[in-house]
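First the structure, in the form of structure tokens, and then the observations on it.
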Amino acid sequence: VFSFNFSVYAESVDQDAVKKTQELLKNRESVKEITKKDAKAKNADDLAKQVAGSEEDTQELYNIAAEVLPTLLKMNNNDPEKAATALAEYSKNPEKFLSKLPKETRDKIKALSQKIESKQHKQP
């Protein structure tokens, strides 16, 4: 999801770009439009859908990504390239990344993760 995000707004980050990206992530129709034009965005969206398992959970995943974006950028001096690199590193150690997020955000991530896992266990 974040790679989708960075491919859309890779220029030097300002608050307007962050807000636009957050709005885009929160609007499923906007995401669908972007994925029609951008192969990287489509790949990220396909992965998000595969992980989430449903449209509702995919949107919740995007909502959390929109919430995490400003924190991730702030942790990387508002440099989108550094943020993307850091995110790749954090994917190897997600606990380290999670520990840097606000408790409320961590709780949302945990709740979504549990929701997705419980649905996966119910599937035949």
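Values as computed for the structure displayed
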| item | result |
| --- | --- |
| Axial C-alpha extent at least 20 Å, average Kyte-Doolittle at least -0.5 - helices from the chain (DSSP) | 55-75 |
| Computed over the chain, the ratio Rg/Rh where both radii use C-alpha atoms and Rh is Kirkwood | 0.95 |
| The chain, helix-only ellipticity at 222 nm - DSSP H runs n ≥ 4, -39,500 (n - 2.57), divided by all residues, nearest 500 | -25500 deg cm²/dmol |
| Of TYR62, LEU73, ILE116, farthest towards positive along the dipole that unit charges on Lys, Arg, Asp, Glu beta carbons give the chain | ILE116 |
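Read the figures in this text as sums done on the coordinates, not as results from a lab. A quick note: this is a predicted structure, and the numbers were derived from the prediction, not measured. Counting neighbours? That spans all protein chains shown, and the Cβs are built from the backbone with ideal geometry, glycine included.
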